Structures are given as C-alpha cells and as structure tokens.
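The values are calculated or read from the model by the stated rules, or taken from the named source; none is laboratory data. Keep in mind the model is a prediction, meaning the values are calculated, not measured. Glycine also receives a Cβ, built like all others from the backbone with ideal geometry; neighbour counts cover every protein chain displayed.
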Amino acid sequence: MVPAGRDPGHRCRLLLPVDHGREPVTVEVPGTRHDLLTAGTVTDGVTLGRYGVAVLQP
C-alpha cells in the first residue's frame, strides 16, 4: 500500500548479479536484458569483473 500523497511510479523487475569474489565470473542470464550501468545489451549471460555488479532490466 502506498501512503497518501505518494506516487508509486512504475514497477519493473531488475536482476542484480553480484560477484563477491576476487576472480571474474560469468553469470547465465535468461533472454536479452538491458544493462542499466553500461547502457549495453546482455544476451544469455554477463561477465562480471572481480567484485563486480550489473543492474539488468528486461
């Protein structure tokens, strides 16, 4: 429930893969998504650098 006087805005599903390790890792991602941090397109997977993160939107 949204408090009075507040706009909930648009809802969307985000995928936030995070690499907690010291080595790069490739994460499988279903389908094609837009990477909000790099403005690139991710298809079927994303490689994260050490301690990396991505913010992916369908």
Original post:
Of the residues that make up the stretch 2-22, is at least one among the acidic types (D, E) and either in a strand (DSSP E or B) or at pLDDT 95 or above (or both)?
Top reply: no
Subject >> In the stretch 23-58, the residues that are part of a loop (DSSP other than H, G, I, E, B), free of Cβ contacts under 8 Å to residues at least 40 places away in the same chain and either at negative phi or out of contact with any Asp or Glu (no Cβ under 8 Å at 6 or more places or on another chain) (or both) >> reply: E23, P24, L36, L37, T38, A39, G40, G49, R50, G52, A54
